[in-house]
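Working notes for the structure below.
The values are calculated or read from the model by the stated rules, or taken from the named source; none is laboratory data. All values reported here derive from a predicted model rather than from experimental measurement. All Cβ positions, glycine included, derive from the backbone under ideal geometry; neighbour counts span all protein chains shown. Keep in mind that these areas ignore ligands, DNA and RNA; they rest on the heavy atoms of the full protein, side chains included. Shrake-Rupley method; radii C 1.70, N 1.55, O 1.52, S 1.80 Å.
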Amino acid sequence: MYSSIDQNKLDKAGRFLLDDVVLVSYVSADGSNQNAKSISIRSQVLEINLYESLEGAGLSGNIVVADGQAVVSHLPLTGYERIEFKLYTPGTSRGYDFTAKTGHPMFIYKISNRTPLTPRSQIYVLHFCSREMIDNEMTRVNKTYEGPIDTMVVDIMRTDLDSKKNLIVEETRGLHKFVMPRIKPFN
């Protein structure tokens, strides 16, 4: 997949290649969790924004959609649906992979700015974030940790947030003891 990227098309800042954008419901049409219902919205995407803050933890973004297919009612979008896509920008050969099969999909947490254009079409913004950001809001750490800080961070990411992502942690010195009374994992 990555070898088929035409790097000549990504020659300036602001240029990008966007693979298929797919919305995946958390349940299928028959009500089970197998074979979840999905809809491609690549042709309806007007704008895409990705955010990574230096102060905040996690990755988030939004997609502006011009919807003429009533996607909101077909899935329906009620929260915790996945959005899957691959994005390639200048300066990177591998791109950003937000697919369930090979990467880490993002999850929709909000729909905003719904504006009807015609009786059958509308524009809206889908806000999404990483699964770890959602889990951070729903999980509390209630433990006592002893030892180096780097092992505490890895333990919280792997056990409390159940993250499978590659984690780069610098080794720390010294032994510390922390009592965490029901605080969010990112804190």
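From the Cα gyration tensor of segment 65-106, with a ≥ b ≥ c the square roots of its eigenvalues, which class applies: rounded if a/c is under 1.5, or else prolate if a/b is larger than b/c, or else oblate? Mind showing how you got there, number by number?
Numbers: a/c = 3.93, a/b = 1.92, b/c = 2.05.
Judged from the Cα gyration tensor, segment 65-106 comes out oblate (a/c at least 1.5, b/c at or above a/b).
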Taking N as its residue count, the alpha carbon Rg of the chain over 2.2 N^0.38 Å: 1.21
Cross-link pairs 37/110; 110/184; 86/143; 37/164; 110/177; 86/164 - those with Cα-Cα distance over 29 Å: 86/143; 110/177
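Give the carbon-plus-sulfur fraction of the accessible surface of the chain in %, rounded to a whole number; probe 1.4 Å, heavy atoms of protein chains only. Intermediate values should be presented prior to the final figure.
Values: 5960 of 11790 Å².
Carbon plus sulfur share of accessible area: 51 percent.
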Solvent exposure of the chain as accessible area per residue, Å², 1.4 Å probe: 63
Calculated FRET efficiency for the pair residue 159/residue 66, C-beta based, R₀ 45 Å, to 0.05: 0.60
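Pull out the extension gain between residue 49 and residue 120, defined as 0.36 nm times the separation in residues minus the alpha carbon to alpha carbon distance; nm, one decimal. Let's see the in-between values first.
Numbers: separation 71, 0.36 × 71 = 25.56 nm, distance 2.58 nm.
Stretched fully, the residue 49-residue 120 segment lengthens by 23.0 nm.
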Helical contribution to [θ] at 222 nm, DSSP H n ≥ 4, -39,500 (n - 2.57), averaged over the chain, rounded to 500: -2500 deg cm²/dmol
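Is there a quick way to get the dipole size of the chain? I mean about its Cα centre, with the Cβ of Lys and Arg at +1 and of Asp and Glu at -1; what is the value in debye to the nearest 20? Could the numbers behind the result be given before it?
Values: 22 positive and 22 negative charges, 51 e Å.
Charge dipole, the chain, about its Cα centre: 240 debye, nearest 20.
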Within segment 136-165, backbone nitrogen closer than 11 Å to the virtual label 7 Å beyond the Cα of residue 175 toward Cβ: 146-148
Backbone N within segment 124-157 under 19 Å of label point (7 Å from residue 96 Cα along the Cβ vector): 125-135
